[in-house]
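None of the figures in this text is laboratory data; all of them are computed from the coordinates on show. Quick caveat, the model's predicted, so the values are computed rather than measured.
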Amino acid sequence: MKRIIPLVVAALVGVGAYFVFVAPSGQDTPVAASTVVEPVATAADNADENADLDTSLIPDMSLGNADAPVTVIEYASYTCPHCANFHSGVFKDLKRDYIDTDKINFVYREVYFDRYGLWASMIARCAGPDKFFGLTDLIYSGQSTWSRAGEPSAIIGELRKIGRLAGLSDETLQACLEDDTKARTLVAWYQENAEEDGVRSTPSFVINGTTYNNMSFEEMSKLIDEAAE
């Protein structure tokens, strides 16, 4: 079963860095791929709390040709096994045939089922646009290790290791993970995008404005070719 998206969730961030580093041990274990996550809070519920957040400051991470006639947006969670499978398989074909040949504009947008996926996103974005997709590959390829490391502090430690592989210093990683405003803004940004595009599970894809569920490369290739006509 695909992972179902909650309409998020100020509780993902809690009280920012405090929630990240000193939440009680054993709380918030990673969500299994077959788990249906019930909504915790809607945008309306958190409107006052998020009124100070400027989601326009969160850039889309993209590859390929920004002026291509077809835009493919992927919605994915770093803790979603189906998303990891997509990136180890279909994405490689998509990159070879459509991204590297400048036939599409590919946009990656993070989805947050849990705080672990949010932390992974903050580390991926900490490296900046040039290293974002390289870090994303490392996060997905190591998903079964870091997401199951145990205590929250152990998961943070494994994610830090991935960040260091990309050349990030411990000081830089600490600053990125402690950025409470950035964390809350990412959550609000994700919620706005998911609601606008009608995304309810991961991975999902928006091809020139139409939203689709997970699919094979053959199915995606056909839709892209049709959209380009």
For this session: Take every DSSP beta bridge whose two residues both sit in segment 41-169, then give the antiparallel share in percent to the nearest 5.
Result: 35 percent
For this session: Enumerate the lysines that Lys161 could reach by cross-link, defined here as Cα to Cα under 17 Å, with residues fewer than 8 away along the same chain left out.
Result: Lys131
For this session: Calculate, in whole percent, how much of the Cα-Cα pair population of segment 128-229 lies beyond 16 Å.
Result: 71 percent
Exercise. Lys222: which lysines have alpha carbons under 21 Å from its alpha carbon, excluding same-chain residues fewer than 8 sequence positions away?
Worked result: Lys92, Lys95, Lys103
